[in-house]
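The values are calculated or read from the model by the stated rules, or taken from the named source; none is laboratory data. The structure displayed is predicted, hence computed values, not measured ones. Virtual Cβ from ideal backbone geometry, glycine too; neighbours counted across all protein chains shown.
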Amino acid sequence: MDRNDDFESCSCTIIHEDVIKKVRAIISEEDKFYELAELFKVLGDLTRVKIIKALLESEMCVCDISALFGMNQSAISHQLRILKQARLVKFRRDGKVVYYSLDDHHVEQLFDCGFTHIKEN
């Protein structure tokens, strides 16, 4: 369906019980859907998306990310904390410097899939 088309609605009143039963069994894990919704909320912030893109390119410390985006370190640290809680980024210490990177390859896949989707016509 083209994005410019009007929304189409079903004009019948037939309930497809077999389809409902199958789908109900699949979507019964509501807690997992809650977690997925929370993940998408975290990704719903431009600064956090930009941080993820930067970390796709290189492991970086807070100072570097702060300089890259022209934001103070406190604001970047706050965003990184949210990304860490969502298990999207991880950190490692090297002396006094804390370096951030993506948590695992799934974050890159998620980012790439989303980017591919929005670039479609």
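Brief remarks follow.
- Looking only at residues in the stretch 29-51 that are modelled with pLDDT under 90 and either within 11 Å of the chain's Cα centre (by Cα) or surrounded by fewer than 10 Cβ atoms within 10 Å (Cβ to Cβ) (or both), the one that is farthest from Val107 (Cα to Cα) is Glu30.
- The residues on offer are Leu102, Leu80, Leu88, and the sole one that is without any contact (Cβ under 8 Å) to a residue 40 or more places away in the chain, aliphatic (A, V, I, L, M) and closer than 16 Å to Lys50 by Cα is Leu80.
- Inclusion of Val19 among residues that are of a type in the set (A, V, I, L, M), in contact with a Cys (Cβ under 9 Å, 6 or more places away or on another chain) and not in a loop (DSSP other than H, G, I, E, B) is not warranted.
- When the test is whether a residue is over 21 Å from Phe111 (Cβ atoms) and assigned to a helix (DSSP H, G or I), Ala54 does not pass it.
- For the stretch 89-105, taking the residues that are farther than 16 Å from Ile65 by Cα and within 17 Å of the chain's Cα centre (by Cα), the one that is surrounded by the most Cβ atoms within 10 Å (Cβ to Cβ) is identified as Asp103.
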